[in-house]
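The structure appears right after this line, and notes come after that.
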Amino acid sequence: MLTGGFASVLVANRGEIAVRVLKEARAGGMRAIAVYSDADETALHVREADQAVWIGPAPAAQSYLNIDAILDAARETGAEAIHPGYGFLSENAAFARAVIQAGLVWIGPPPEAIEAMGDKARAKALMIEAGVPALPGWQGEDQSDANLKAEADQVGYPLLIKAVAGGGGRGMRIVREAGEFDDALASARREARSAFGDDAVLLERFVERGRHVEIQVFADSRGNVIHLGERDCSAQRRRQKVIEEAPSPAVDEALRARMGADAVAAARAVDYVGAGTVEFLLDDAGEYYFLEMNTRLQVEHPVTEEITGTNLVQWQFAIASGEPLPMAQDEVTLEGHSIELRLYAEDPFNAFAPQSGRVLAYNPHGVAGGVRVDSGVDQFSVVGTDYDAMVAKLIAHAPSRGEAIAALRAHMIDAPLLGVRTNRDFLIRLLDDPVFAAGEVRTADLDIWSEAGSGPFAPAEPPFEAIALAAADATATYDEVHRSPSVRHITLDLLVDGKPQSIAVEQLRGGGVRILDGEAPLEIVFDEAGHSRTSYTLNGEGRQARLVRLDDEGGRHIALGDRMVFVAEASPWSDVDAADPSTIIAPVSGAVVAINVAPGDAVSAGDVVAVMEAMKMEMRLTAQADGVVAAVHAAQGEQASGGFVLIELDLQSQD
């Protein structure tokens, strides 16, 4: 249906949310307009649009956060409305005002509501006035370090430092004892200043075993406000959500009604219009406390759509056109259970380091199972480190929670993304974890498990069959390159998920190879090798796997069941010890946020010597041994490539 208020929409965003909104605009009969940076010239959202406009270089500050460039794009294309998606400028009141002043339709809440809820201290005061439960803490004007430390001691530990202008988990630090406060405050301020241009913070009592439960609200311009039930987002790491579901395993109808009523009161307190989310912390006693209100569409909104049978993007279009809410509160019903997984280009088993590369195979819509996929990439995409690491969302809706979990697990095995390392295996292990399966995950659990190396973070050796498959394919490649079918025995020096391993291979007379390493020899004969899907026999048994050859020399990415393995042929640099304690190396490409040492400084093992940021994640780089700084090769504000030596240490100087 054509939305009456406007006939064209510019989406001021990128990635999966831009793809989703552009598709919905076209479905509503509107012209769908995209914007893009240098890094996104060939991105999926650009290819999905009716029209696309370049708005600047890769850095977000010069493109997706550039208000003038986006408004120029709207004027150039004759766009009548702007949808901000989430992230970037979606909760920027100045942007909302600029859109409205330009005579365009702003598909979002009033700027005044954004301002009221964007200031966390002001929002908390408004909620207390509206009778919405809030955590004890402190917020005020005196932002001196000394005052904050004194107030923190009064609030008591553990506590949470939270950026006043924050959101999405940024500018937040947990402090469990007084001695940790100063470093945590400095880190929170630094991240808040970088992300929001404002380093003011507030303090809140931290509930150690809480659940993150949020309520989806919607309001029209005629004074109607409803809620659409809750979402449980307790599975998160470093305050970033990993899995979301609806309804919450911990919420019954009575609690839902109470929380929903308070969420509606929160929206009414700021004269809200459009889609919003009121976030609460729920403790084990059933008490809940206001955390914040997100004045935009949330990443996890699809689980609400699935259980309520709604389309919240189309609702946004309608409300922005002045139409009333399409249903009343007593018409909202919840059916079944929905779970969303966030597929990230990151390595969960290496401190969630962001990953980059070319997607060589990905066909999530070509498998059975009924899992909805909201993706920002396809097999033609290049994933970089300029923006958020999320590449897709996988959403299952089933009659029961267990069936939804099973559907997601099967989908990830059937439709792996190959070419770029992702958190797929971690997500499968998290779904399999008995604590998650029982619906008992709390907000701190993933960080606790990560630190302990337990649960889904427990070490697991790659399956030898996958290594053997890579070795067999490498042997076939060796023949193609060297034209040497007479070669009978080869020793391959490989890097298996970054670790060196030598594999002895014997070519078989009838075709195929015998892998001599491992507990018993494995004989592999390739039956068929299509694009990514490989059929083979293993010791006479028919098998299938997914395998692609990477763009770089000798690399292979293999998906075998619920495991993925990167196998590379050793390069001339592979004998260099990446864990050399005399060098501090950039783990990924990103921005150098801080260099904490200078040549001649003495450091001890564990000291934070540098801080980097990539894909919205701050990484603290520590010295691995005692020593003296011999050289510093980077400065604050510079960009560094993954593997670049930032700092050199002389480990002998302290002797």
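The values are calculated or read from the model by the stated rules, or taken from the named source; none is laboratory data. Just so we're clear, the structure is a prediction, and the values are computed from it rather than from any experiment. In this analysis, Cβ positions are derived from the backbone assuming ideal geometry, glycine residues included, and neighbour counts consider all displayed protein chains.
Structural remarks
- Residue within segment 447-455 that is modelled with pLDDT of 95 or more, more than 30 Å from ILE515 (Cα to Cα) and under 17 Å from the mean Cα position of the chain (by Cα) present: no
Rundown of residues vs (1) of a type outside the set (D, E, K, R); (2) assigned to a loop (DSSP other than H, G, I, E, B); (3) surrounded by fewer than 23 Cβ atoms within 10 Å (Cβ to Cβ); (4) in contact with a helix residue (DSSP H, G or I) (Cβ under 6 Å, 6 or more places away or on another chain), yes/no style:
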| position | (1), (2), (3), (4) |
| --- | --- |
| LEU334 | yes, yes, yes, yes |
| SER338 | yes, no, no, yes |
| LEU341 | yes, no, no, yes |
| ALA351 | yes, yes, yes, no |
| HIS365 | yes, no, yes, no |
| GLY369 | yes, yes, yes, yes |
| VAL373 | yes, no, yes, yes |
| ASP378 | no, yes, yes, yes |
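- Of all residues making up segment 148-180, the number that are part of a loop (DSSP other than H, G, I, E, B) and either small (Gly, Ala, Ser) or out of contact with any Leu (no Cβ under 9 Å at 6 or more places or on another chain) (or both): 11
- Test result for PRO324, part of a helix (DSSP H, G or I) and over 30 Å from GLU638 (Cβ atoms): no
- Any hit, segment 293-305, residues being out of contact with any helix residue (DSSP H, G or I) (no Cβ under 8 Å at 6 or more places or on another chain), assigned by TED's automatic domain parsing to the domain that holds HIS337 and over 20 Å from ARG342 (Cα atoms): no
- Exactly one residue among VAL213, VAL132 is surrounded by 21 or more Cβ atoms within 10 Å (Cβ to Cβ), within 30 Å of ALA257 (Cα to Cα), of a type outside the set (Ser, Thr, Tyr) and in contact with a Cys (Cβ under 8 Å, 6 or more places away or on another chain), and that residue is VAL213.
- Of ALA318, ALA266, ALA345, ALA275, all but one fail to be closer than 26 Å to ALA398 by Cα, among the small types (Gly, Ala, Ser) and assigned by TED's automatic domain parsing to the domain that holds LYS241; the exception is ALA275.
- Complete set of residues in segment 216-241 that are surrounded by fewer than 21 Cβ atoms within 10 Å (Cβ to Cβ) and free of Cβ contacts under 8 Å to residues at least 40 places away in the same chain: GLY223
- For segment 196-250, a residue qualifies if it is outside any strand (DSSP E or B) and of a type in the set (Ser, Thr, Tyr), and the qualifying residues are SER221, SER248.
- Matching residues in segment 19-44 - criterion: being part of a helix (DSSP H, G or I), out of contact with any Asp or Glu (no Cβ under 8 Å at 6 or more places or on another chain) and under 19 Å from TRP106 (Cα atoms): VAL21, GLU24, ALA25
- Within segment 430-454, the set of residues being touching a Gly at 6+ places or on another chain (Cβ under 8 Å) and hydroxyl-bearing (Ser, Thr, Tyr) comprises just one member, THR443.
- Of ALA27, ALA32, all but one fail to be surrounded by fewer than 19 Cβ atoms within 10 Å (Cβ to Cβ) and either charged (D, E, K, R) or more than 25 Å from the chain's Cα centre (by Cα) (or both); the exception is ALA27.
- Taken as a whole, the condition of being under 24 Å from MET117 (Cα atoms), aliphatic (A, V, I, L, M) and either outside the structural domain of THR295 (by TED's automatic domain parsing) or surrounded by 13 or more Cβ atoms within 10 Å (Cβ to Cβ) (or both) does not apply to ALA146.
- Residues of segment 87-110 satisfying the condition of being in contact with a strand residue (DSSP E or B) (Cβ under 8 Å, 6 or more places away or on another chain) and outside any helix (DSSP H, G or I): GLU91, LEU104, VAL105, TRP106, ILE107, GLY108, PRO109
- Residue identified as modelled with pLDDT under 95, out of contact with any Gly (no Cβ under 9 Å at 6 or more places or on another chain) and not aliphatic (A, V, I, L, M) among PHE380, PHE290: PHE380
Matching residues to (1) under 13 Å from VAL11 (Cα atoms); (2) surrounded by fewer than 17 Cβ atoms within 10 Å (Cβ to Cβ):
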{"residue": "HIS45", "(1), (2)": "yes, no"}
{"residue": "ALA49", "(1), (2)": "yes, no"}
{"residue": "PRO57", "(1), (2)": "no, yes"}
{"residue": "ALA60", "(1), (2)": "no, no"}
{"residue": "GLU76", "(1), (2)": "no, yes"}
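- Wholly enclosed strands (runs of 3 or more DSSP E) of segment 499-578 bearing at least 2 residues among the charged types (D, E, K, R) and at pLDDT below 90: 499-507, 522-529
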